[in-house]
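> Provided herewith is a single structure, encoded as structure tokens, for subsequent inquiry.
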Amino acid sequence: MKLFNKVVGASIPRADAHEKVTGTALYIDDLRFPRTLIMKVLRAGVPHATIKTIDISKALDMPGIHKVFTGKSLNLDKDHLFGTCIFDQPPLAIDKVRHAGEVVAVVIAETEKQALAAIKNIFPVFEELPFTLDPIESASKEAPIIHEQNGNYRHVPTFVPEPQTNVFYKYRLKKGNYEFPFQDAEVTVEDNFEYPLMNHAAIEPHGAIARWDHTGELHLWSSSQAPFVLREVLADYFKIKLMTKIHIHIPYLGGGFGGKSDYTIEPLVALAAKLVPGYHVKFVLTRKEVFIGSVLGRGMKGQMKLGAKKDGTLVGIEATQYYSDGAYGDTGCNVVLAAGHNCVGPYFFPNCNLKSYGVYTNSTPVGAFRGYGHPEGQFMIERLLDKLASTLEIDPNELRMKNFLSPGDTNSLGQVISDHNGDIRKCFTQTITKLDEIPLPPEDEKFFYGRAVVGLIKSPVQTANASSNVFLKFNEDLTVNISIGGVELGQGSLTVLAQIAAEALHIPVDMVRINYEINTQLTPYEWQTVASMTTMRVGNAIIDACNKAIRKFKENAAEVWGCTVTNTVYDGTKVSYQDKSLDLKHLVLGYQYSDGHTVGNPILSTGSSVVRNVTFPDLETGQYQPYEWTFGSQGVDLKISKNTGEISILHFVTALDAGKIINPALARGQITGGVMQGIGQALKEKIEYDGSGNMRTVNLRRYAIPKLSDMPKKYSCIFIETPQPNGPYGARPIAEHPALGPPSVILNAIQRATGVSFTSIPVTKERMLTSLKKGGV
């Protein structure tokens, strides 16, 4: 697309910067309403148990208490379950506890202090059951059954559970000679891997406020990335036939990283509010509750095997992944799907036999996390490629270059790669070149030094009919308001989308305002703010709305002049025809003649963008059509202290072919943030449980996330801009991608520096030092 006023591609400041730095931006806990009650919950504290009794009598009699309830006191049963793909989760435990953080009782009180006092006077009695936390153990036939109804739950046809087991979803991908993928291999390598459970650690905890009015309509404010999915879930659960009776409001979000794209506390808060109609019921999680009572991410144990010719040509891959998806499976099932087909990375394999399993475990449920199954599988293949290179005595960079997907190749899903998908070889070579600008120091008395480079690939995982829609209106002064259903959670979408609109309308960007407050009654439908798709999908919808608005300006002018619309020209300030012109201010409300009568119409429009040609997985082969791909590469220089085992990142390079970069400064921010998350996962982060099945890592002291001192000494961001034909001005997704490569590239660099091979993360300094001592290096 031709650029008219050069707004696209400019690093303009964030549209929401002033509100956020001055503290005037409103988040869920900032909202205040009259007649607000506070909700607090009692959690089980045991990972697997039958509920014998819960005595709430003392709590009911305490001052300020409006309601105390349990699943049994409300007579909830097996029909009171919610979900989207697998309907397996109640709002709170009914007769059985499936993880230690599960809610067993709820208090609604006038103050937080009163609610917490009442919680202390609720007395549950459990009959504890054997529990399981390991996904491979849980998938075995000997494991204690967590869901006796597995296989009988309502679910979509593409998700096939294994009844009488803890496997609620299995995905298999077959390509080529999948039964004998190594038939033509001259060498094979294999290994076992672990990518542990992790927490998103968004700065804002989950929160929700609900109120039922006396006409039976539900008003709910939430820190959610998916207001319309949330509306659908609540309509289904409460048997509300008219979605106009549900009002979902979304303020600013303080980060999400996928952890707020899944419904967590909202059904329970809505259920509580239904007991006190006319009141607002507010529930904001503590940091501990975010860990034990919302959703986690990752949690994979797997095996992978690669086969190749002696010249390094890859011929086959076999992989099995088990996902510890926690007590309930709906929020994790699609992660299992994405992980299954993306574990091949950006490489061509003629033969693939890939299996992934979603497994119930007695831990906090797992949901979306930045990368959505891609980091786990690509961690395995990038580690194994280095092992293969060593076995073949081939340079690991040359091995990768030889096997990257090329235009005309078919990927694991059977899709044919096109030129417009991007140039991964250019990303890879530029990453190497950037690292080579600073020579890697040789080993000395204090430090080992290592360097590595990996490839990456990311597809957006979304429903087959995902769409974005916008409302656009011109005001009398020619400023523009655009309403979207996409959520601003810190990624900068308000700014980027305003740039796209300004470019399409040929007007200054400060004349465009993207409305951030979402109300499902007023804002247009948006599937979810996930999959790194906001810029691409919402951007296309905005261009559609802008083109329609321009046509309406031209229609108004054409009616005045009595000419055809096709002969008029719009330039952002006026519409022209031959030697005539009319300023847009005379057309924005329709054209008014001197005697007062008016022709034409005010400038209002809608825009839509629907994903096309996306299909469901074939039940036999697992192959399907997702959407577009973004290729990239990441490289690292690091040093390792021989005395302490501390790993320091000297230089981290990310090169992405993300098409046209709408706002380079914001794109660099996405990359540096994603890299830091990946570094944290490689070197620090891991959810841990104690012997009783309770989580140990329940705050940000015990669960270590990266600090400023952990940042690389040097960041380099490289953008390759192969245009995406169906992207806004050629843009494609970028947000999740930088979090994919850090774990594998860091562990590859560690091995090249020290000879120590790790196949699980995190590699803490203590673990590194222990391994160095064992290895005698």
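The values are calculated or read from the model by the stated rules, or taken from the named source; none is laboratory data. This is a predicted model, so every value here is computed, not measured. Every residue, glycine among them, receives a Cβ derived from its backbone with ideal geometry; neighbour counts consider all protein chains shown. Calculation scope for accessible area: heavy atoms of the full protein, side chains included, ligands and nucleic acids excluded. Shrake-Rupley method; radii C 1.70, N 1.55, O 1.52, S 1.80 Å.
> Expressed in nm to one decimal, what extension gain is obtained for the pair Gln149 and Val125 from 0.36 nm per residue of sequence separation less their Cα-Cα distance?
6.3 nm
> Further question on the same structure: Compute the separation of the alpha-carbon centres of segment 5-40 and segment 234-256 and state it in Å as a whole number.
When both Cα centres are located, 20 Å separates them.
> Sort largest first and round to whole Å: the equivalent ellipsoid semi-axes of segment 548-639, each the square root of five times a Cα gyration tensor eigenvalue.
Taking √(5λ) for each eigenvalue gives 49, 21, 12 Å, largest first.
> Looking at segment 427-500, which GluC sites (Glu not before Pro) are in a loop (DSSP not H, G, I, E or B) and have at most 12 other Cβ atoms within 10 Å?
Glu437, Glu445, Glu476
> Of Ser581, Thr391, Ile761, which is farthest along the charge dipole of the chain in the positive direction, counting Lys and Arg as +1 and Asp and Glu as -1 at C-beta?
It is Ile761.
> Leaving ligands, DNA and RNA out of it, report the carbon-plus-sulfur percent of the accessible area of segment 447-587 at a 1.4 Å probe.
After summing per-atom areas, the C and S share lands at 47 percent.
> Oh, and also: With n ≥ 4 as the cut-off for DSSP H runs, can you work out [θ] at 222 nm for the chain, using -39500 (n - 2.57) per run divided by the number of residues, rounded to the nearest 500?
Dividing the helical sum by the residues of the chain leaves -7000 deg cm²/dmol.
> Shape verdict for the chain, please, from the Cα gyration tensor: rounded (a/c under 1.5), prolate (a/b greater than b/c) or oblate. Let's see the in-between values first.
Working: a/c = 1.75, a/b = 1.09, b/c = 1.61.
Oblate is the answer for the chain, as a/c is 1.5 or above yet b/c matches or exceeds a/b.
> So how strong a dipole does segment 355-485 carry about its Cα centre when Lys and Arg Cβ are +1 and Asp and Glu Cβ are -1, to the nearest 20 debye? Display every interim value, and only then the final one.
Working: 13 positive and 16 negative charges, 98 e Å.
Rounded to the nearest 20 debye, it is 480 debye.
> Here's something else I'd like to know. What does the charge dipole of segment 400-444 about its Cα centre add up to, to the nearest 20 debye, if the Cβ of each Lys and Arg holds +1 and the Cβ of each Asp and Glu holds -1?
240
> Might you report the magnitude of the Cβ-based charge dipole of segment 582-734 about its Cα centre, with Lys and Arg at +1 and Asp and Glu at -1, to the nearest 20 debye?
Rounded to the nearest 20 debye, it is 780 debye.
> At 30 angstrom or more along the helix axis (alpha-carbon based) and mean Kyte-Doolittle of -1.0 or higher, what helices does the chain contain? Whole DSSP H runs only.
Helix filter hits for the chain: 539-561.
> Okay, moving on. As a quick test, which of the pairs Lys58/Lys288; Lys40/Lys120; Lys387/Lys713; Lys141/Lys355; Lys301/Lys684 have an alpha carbon distance above 20 angstrom in this structure?
Too far apart for the 20 Å limit: Lys58/Lys288; Lys387/Lys713.
> Which residues in segment 314-358 have a backbone N closer than 18 Å to a point placed 7 Å from the Cα of Glu620 along the Cα-to-Cβ line?
Of the residues in segment 314-358, 352-354 have backbone N under 18 Å from the label point off Glu620.
> Next question. Which percent of the accessible heavy-atom area of segment 715-777 goes to carbon and sulfur, probe 1.4 angstrom? Can you show the working numbers first?
On the way: 1080 of 2110 Å².
Roughly 51 percent, rounded to a whole number.
> Here's a follow-up. Counting other C-beta atoms within 10 Å, and keeping those with at most 15, which DSSP coil GluC sites (Glu not before Pro) do you find in segment 105-203?
Glu110, Glu142, Glu148, Glu179, Glu186
> Given a 1.4 angstrom probe, I'd like the percentage of the accessible area of segment 653-709 that is carbon and sulfur, rounded to a whole number.
Using a 1.4 Å probe with all protein chains present, segment 653-709 comes out at 52 percent carbon and sulfur.
> For the peptides 489-496, 56-63, 450-457, 716-723, what is the packing order when you average, over each peptide's residues, the other Cβ atoms within 10 Å and list the highest mean first?
Taking the mean over residues of other Cβ atoms within 10 Å, the ranking is 450-457, 489-496, 716-723, 56-63.
> Also, quick follow-up: For segment 696-735, rounded, prolate or oblate, judged on the Cα gyration tensor with a ≥ b ≥ c (square roots of eigenvalues), a/c < 1.5 rounded, else prolate if a/b > b/c?
Oblate shape, in that a/c is at least 1.5 and b/c is the bigger or equal ratio.
> Next up: Using per-residue counts of other Cβ atoms within 10 Å, averaged over each peptide, order 114-125, 524-535 from highest down.
Order by mean packing, descending: 524-535, 114-125.
> For the residue pair Glu142 and Ser406, what label-to-label distance in nm results when each label sits 7 Å from Cα along the Cα-to-beta-carbon direction?
So the label points at Glu142 and Ser406 sit 5.0 nm apart.
> Here is a follow-up. With a 1.4 Å probe and all protein chains kept in place, how do His247, His80, His651 rank by accessible area, largest first? Before the final figure, lay out each step's value.
Values: His247 30, His80 55, His651 5 Å².
Final ranking, largest accessible area leading: His80, His247, His651.
> So for Ile661, Ile136, what's the accessible-area order with a 1.4 Å probe, most first?
From most accessible down to least: Ile136, Ile661.
> If you take the square roots of the eigenvalues of the alpha-carbon gyration tensor of segment 26-115 and sort them as a ≥ b ≥ c, do you get rounded (a/c under 1.5), prolate (a/b over b/c) or oblate?
On the way: a/c = 2.05, a/b = 1.33, b/c = 1.54.
Cα axes put segment 26-115 in the oblate bin.
> Could you work out how much longer the chain between Phe180 and Asp61 gets when fully extended? Use 0.36 nm per residue separation minus the Cα distance between them, nm to one decimal.
36.0 nm
> Shifting gears a bit: For segment 193-200, what does the Karplus curve 6.51 cos²θ - 1.76 cosθ + 1.60, with θ = phi - 60°, yield as ³J(HN,Hα) per residue in whole Hz, taken in order and with x for Gly and Pro?
Along segment 193-200, the couplings run 9, 9, 10, x, 4, 9, 10, 5 Hz.
> Something else now. Counting only heavy atoms of protein chains, what accessible area per residue, in Å², does the chain have with a probe of 1.4 Å?
Counting only protein heavy atoms, the per-residue value for the chain is 38 Å².
> If you find the alpha carbon centre of segment 734-777 and of segment 311-381, how far apart are they in angstrom?
Comparing the Cα centres of segment 734-777 and segment 311-381, I get a distance of 20 Å.
> When only Cα pairs under 8 Å and 6 or more residues apart are kept, what is the percent relative contact order across segment 351-475?
On the way: 51 pairs, mean separation 24.2, N = 125.
Relative contact order comes out at 19 percent.
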